[in-house]
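Everything below concerns the one structure shown next.
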Amino acid sequence: MPLTQYFAGGNDDANDVRKVAITPPPPPIDFEEPPPIEEPPPEVEVQQLETPPPEISLSALTTGLNVGSGAGGVSVGLDDFNTDINTVEEMFFSLADLDKVPKRLSGPRQPEYPYELKRNRIEGFVKMLVMIDETGRVSVLEVVEATNREFEKPAIAFAEASVYEKPLKNGEPVKTRFFFPLKFTIK
């Protein structure tokens, strides 16, 4: 009985019948037996070579695969590769592999903002894959993503006009490549 009816001297009739809606519980769920667990296959012992194979440089591999054209037959085997070639200048290193992250030495302070996008107050970004060569010059290898195609050209111009410290690996100048995000914001 509601509290207000109790104080008001409400109806004490115990024979009042009231309709109540009850939701029955859901039926029981029949769980299936899980499939039996298969045992892992037995481990296979890997035999190690007594002597490791010689390392093949990228330039030697390229030379060996580009056998040229001609009517004569050419036979190229692994013994024909020169494995003593220093290929550090052909390799790219990630920023984490370098002695330290190169600092930007010169270049424009900010990219040129496309006039129409700036007038309409449209902001965005461009993500580029860039390379810094052994001298610190920047080349854009690829535009990976851009919120607006009009941002791409000024982003590439900004990146390629920048000069960085020489990327060093073990004290030697090397090439590095990394993803370079550039935001276009209106202040």
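Taken together, the values in this text are just the output of simple stated rules run on the coordinates, not laboratory data. For clarity, every value in this text was computed on a predicted model and none was experimentally measured. Don't worry about glycine lacking a Cβ; one is built from the backbone with ideal geometry, like all the others, and counts go over all protein chains shown.
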- Globularity ratio of the range 96-159, using Cα Rg and 2.2 N^0.38 Å: 1.28
- Message: Can you compute 3J(HN,Hα) from phi for each residue in the range 102-108, using the Karplus curve 6.51 cos²θ - 1.76 cosθ + 1.60 with θ = phi - 60°, rounded to whole Hz and x for Gly and Pro?
- Response: x, 8, 6, 9, 7, x, x
- Task: Using θ = phi - 60° and the Karplus relation 6.51 cos²θ - 1.76 cosθ + 1.60, list the HN-Hα couplings for the range 109-124 in order, rounded to whole Hz, with x at every Gly or Pro.
- Result: 5, 8, x, 6, 7, x, 4, 4, 5, 5, 4, 8, 6, 9, 9, x
- Note on the structure: Pseudo-spin-label distance E45 to E172, built 7 Å along Cα→Cβ, given in nm, is 4.0
